[in-house]
Amino acid sequence: MLAYVISDINVINLARYENYREVVAPAIDRFGGRYLAQAASVEVLEGTWNPTRIVVVEFPSRDDALRFFSSPEVQHARSLRQNVAMVNMILVDGNVAH
């Protein structure tokens, strides 16, 4: 079952945020993930949620996404991101039961 990591990111320091992106991208690849969306332009259609940047990454499974998130590469990348960006991140299962 596919799984999606969805991040709402408020970048404080764009130059230093690029360092984070350079480290996290290979980890996404290593765990079978792929970017579906990286948008700095977000339009609110309904509600009060007003993110500034959304990133959606698809993984082959929930387990792959969780292994990605707990990997040493991502832990290192998260340390690079401290004081550079504020992030809200969720994991969503991709298949919908009808």
Checklist outcome for this item: For Ser79, the net charge from surrounding residues (Cβ-Cβ under 13 Å; K, R +1; D, E -1) works out to +2
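Would you compute, from DSSP H runs of 4+ residues alone, the mean residue ellipticity of the chain at 222 nm, taking -39500 (n - 2.57) per run and dividing by the full residue count, rounded to the nearest 500?
Details: 3 runs with 36 residues, N = 98.
Calculated at 222 nm, the ellipticity per residue is -11500 deg cm²/dmol.
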Checklist outcome for this item: Cα pairs beyond 22 Å in the chain, in percent, come to 29 percent
Checklist entry - Which residue, Glu43, Glu22, Glu73, has the most motion in a Gaussian network model of the chain that connects Cα atoms within less than 10 Å? => result Glu43
Checklist outcome for this item: Scoring only Lys, Arg, Asp and Glu (+1, +1, -1, -1) among other residues with Cβ under 14 Å from the Cβ of Gly94 yields -2
Next on the checklist: Among Val11, Val84, Pro60, which residue has its Cα furthest toward the positive end of the charge dipole of the chain, with +1 on Lys/Arg Cβ and -1 on Asp/Glu Cβ?
Outcome noted: Val84
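With charges only on Cβ, +1 for K and R and -1 for D and E, what is the dipole size of the chain about its Cα centre, in debye, rounded to 20? Don't jump to the answer; show the numbers that get you there.
Numbers: 9 positive and 11 negative charges, 60 e Å.
It comes to approximately 280 debye.
No value in this document is a laboratory result; all are computed from the given coordinates. It should be emphasised that the depicted structure is a prediction, and the values quoted were computed from it without experimental measurement. Heads up, the Cβs are rebuilt from the backbone with ideal geometry, glycines too, and the neighbour counts pull from every protein chain shown.
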